[in-house]
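For reference, the structure discussed in these notes is given below.
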Number of protein chains: 2
Amino acid sequence: MSSPVPPTSNPSDFDKTHIRHAILQAQIGFQEGGVPIGGALVTADGVVVGVGRNRRVQKGSAIRHGETDCLENIGRLPAKMYQGCTMFTTLSPCTMCTGAILLFGIKRVVMGENTTLVGGEQILRDAGVELVNLDLSECKDMMAKFIAAKPGVWREDIGEK
Amino acid sequence: MSSPVPPTSNPSDFDKTHIRHAILQAQIGFQEGGVPIGGALVTADGVVVGVGRNRRVQKGSAIRHGETDCLENIGRLPAKMYQGCTMFTTLSPCTMCTGAILLFGIKRVVMGENTTLVGGEQILRDAGVELVNLDLSECKDMMAKFIAAKPGVWREDIGEK
Ligand SMILES: [Ca+2]
Ligand SMILES: [Ca+2]
Ligand SMILES: [Zn+2]
Ligand SMILES: [Zn+2]
């Protein structure tokens, strides 16, 4: 049985600091008229390897979600580098991004929220990936505002009719 | 008369923290066989807007320096966003990147070093841009190692024969 990751009661300073990089990307995406979801890949030492945002609308891309745009901006890294990193994402990773996280061997995912969507959390958990849900109202509010304004774009983003 | 920015005697925690994002990019570039120069654009609140690295070799690009690759990864931002940001770069910005910094209205530049090259520092200073030189041996050492290994690539990078 799949159950969404509950809100973390006591988030670390590390997680609260670095989700900001992903949130800024989501805000930029919102201003661009895109789907406001951002990602950031951060080392265990708190160094930002790269950031990205959903650019489906902006680039006419099918696969540029927050997490995949972040990974593509970074370019090709040695496998070992991904393994020590945390992927920060403003929203629970969709199935495609879940697969990308597994492919690259990323061991830790911190999400801004999973009220708007619960993605591949069970798949990640089963693979031993650590999941944290910060349950941030600013992430939920941004998505609610976007979905109300552009429901069709959002349905397409999550593969619904 | 142009004089290089002297080493900063008392760098702030902000500058010491955020130059790390640019240094990681330079290290990735080195591993890729490229010119090891990295950039990071960071808000006054310490949020990373984007990162990049010299990818002349990797992408066969003439214009992807640390700073310009960072700006291109980010995409188009409203003018106001750039103005509150600091551009971190592992090496004194070349003339092209100096021009890009002025074009986008970035008001503050923190460099890892200017021993390997002194770029457009006087132009930036004359335009009122704040310059900080962290004078980091790890940046100088990486460039020395690269230039010793690939002198021709470096000469091309700085427009020399
Ligand atoms: Ca998505
Ligand atoms: Ca350069
Ligand atoms: Zn996705
Ligand atoms: Zn340059």
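Relative contact order for the range A:2-93 using alpha-carbon pairs under 8 Å, separation at least 6, rounded to a whole percent? Walk me through the numbers on the way to the answer.
Values: 171 pairs, mean separation 24.9, N = 92.
Averaging sequence separation for qualifying contacts and normalising by length gives 27 percent for the range A:2-93.
Just to be sure I understand: with springs between alpha-carbon atoms less than 10 Å apart, which residue in A:ASP15, A:ASP126, A:ASP135 has the highest mean-square fluctuation in the Gaussian network model of chain A?
Of A:ASP15, A:ASP126, A:ASP135, the Gaussian network model singles out A:ASP126 as fluctuating most.
Where the centroid of each part is defined by its Cα atoms, how far is the range B:1-78 from the range A:1-36 in Å?
24 Å
Report the local net charge at B:ASN133: Lys and Arg +1, Asp and Glu -1, summed over other residues whose C-beta lies under 11 Å from its C-beta. Write down the numbers at each step before the final one.
On the way: positive: none; negative: B:ASP15, B:GLU113, B:GLU121, B:ASP135.
It works out to a net charge of -4.
To the nearest whole number, what is the average tally of beta carbon atoms from other chains within 10 Å of the beta carbons of peptide B:24-31?
Values: counts 7, 5, 0, 2, 8, 1, 0, 4.
Other-chain Cβ atoms within 10 Å of each residue's Cβ, averaged: 3.
List, shortest first and in nm to one decimal, how far the label point of B:ARG155 (7 Å from Cα along Cα→Cβ) is from its counterparts in the other copies.
Values, ascending and in nm: 6.3.
So if I place +1 on the C-beta of Lys and Arg and -1 on the C-beta of Asp and Glu, and nothing else carries charge, what would the dipole magnitude of the range A:1-84 be about its Cα centre? I want it in debye, nearest 20. Working shown, then result.
Values: 9 positive and 7 negative charges, 53 e Å.
Dipole about the Cα centre, nearest 20: 260 debye.
Using helices alone, what [θ] at 222 nm do you get for chain A, with -39,500 (n - 2.57) per DSSP H run of 4 or more residues, divided over all residues and rounded to the nearest 500?
On the way: 8 runs with 72 residues, N = 161.
Calculated from helices alone, the mean residue ellipticity at 222 nm is -12500 deg cm²/dmol.
If the cut-off is a Cα-Cα distance under 18 Å, which aspartates and glutamates reach B:LYS140, setting aside same-chain residues fewer than 8 apart in sequence?
Within reach: B:ASP15, B:GLU67, B:GLU113, B:GLU121, B:ASP157.
Just tell me which lysines come within less than 21 Å, Cα to Cα, of A:LYS80; anything on the same chain fewer than 8 places away is out.
Reachable lysines: A:LYS107.
Given label points at 7 Å from Cα along Cα→Cβ, what nm distances, shortest first, separate B:ASP45 from the same residue in every other copy?
In nanometres, ordered from closest: 2.7.
What nm distances, shortest first, do you get from the label point of A:ARG125 to those in the other copies when the point sits 7 angstrom along Cα to Cβ?
Output for A:ARG125: 5.9 nm, nearest copy listed first.
Over chain A, what relative contact order in percent results from Cα pairs under 8 Å that are six or more residues apart? Before the final figure, lay out each step's value.
Numbers: 326 pairs, mean separation 34.3, N = 161.
The value is 21 percent.
Could you tell me, in Å, what Rg and Dmax come out for the Cα atoms of the range B:30-151?
13.6, 41
Given the options A:ARG64, A:ARG56, A:ARG125, state which has the largest fluctuation in a GNM of chain A using a 10 Å cut-off (strictly under) for Cα springs.
Comparing A:ARG64, A:ARG56, A:ARG125 in a Gaussian network model of chain A, the most mobile one is A:ARG125.
Using only the C-alpha atoms of the protein assembly as shown, find the volume of their convex hull and express it per residue in Å³. List each step's numbers first, then the result.
Values: hull volume 41.9 nm³, N = 322.
Roughly 130 Å³ of hull volume per residue.
For the residues B:VAL118, B:VAL48, what sequence is obtained by ranking on other C-beta atoms within 10 Å, fewest first?
Working: B:VAL118 18, B:VAL48 27.
With the sparsest Cβ surroundings first, the list reads B:VAL118, B:VAL48.
Taking every residue in B:41-52, how many Cβ atoms of other protein chains lie within 10 Å of its Cβ, on average?
Working: counts 0, 2, 3, 0, 2, 3, 12, 13, 6, 9, 9, 4.
That works out to 5 on average.
Which of A:GLY60, A:GLY120, A:GLY52 moves most in a GNM of chain A, Cα contacts under 10 Å?
Taking springs between Cα atoms under 10 Å, the residue moving most is A:GLY60.
Have a look at the range B:4-102 and give its Rg and Dmax from the Cα atoms, expressed in angstrom.
13.1, 39
Throughout, read-outs are computed from the coordinates displayed, never taken from laboratory work. Please read all numbers here as calculations on a predicted model, not as lab measurements. Neighbour counts run over all protein chains shown; Cβ positions are idealised from the backbone, glycine included.
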